[in-house]
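Below is one structure, written out as structure tokens; the observations come after it.
The values are calculated or read from the model by the stated rules, or taken from the named source; none is laboratory data. Values in this document were obtained by computation on a predicted structure and should not be read as measured data. Heads up, the Cβs are rebuilt from the backbone with ideal geometry, glycines too, and the neighbour counts pull from every protein chain shown.
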């Protein structure tokens, strides 16, 4: 505990590598913002104008490595 009665913690912040292979940075940002939401649903939200300024996102052929790790049971 520190002098001002708060606890200090050390965090190892890892570099986010989600969809580095993607051609557009927008795809990475929107996929990450929505908690690694699948691209079919991202495109559906764009078509129905459910999110402001959401661009049409191309579905990549590769699978996001962070999605595989975080969505495993």
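Quick rundown of the values:
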read-out	value
Qualifying residue in the stretch 32-43 (condition: more than 16 Å from the chain's Cα centre (by Cα), at negative phi and modelled with pLDDT of 75 or more)	no
Pair list, Cβ under 9 Å, 6 or more apart: the stretch 60-73 residue farther than 14 Å from residue 32 by Cβ, other residue outside any loop (DSSP other than H, G, I, E, B)	none
Where a residue in the stretch 29-51 is over 18 Å from residue 65 (Cα atoms) and its partner, wherever it lies, is outside any helix (DSSP H, G or I) and at pLDDT 90 or above, with Cβ under 9 Å and at least six apart	44/50
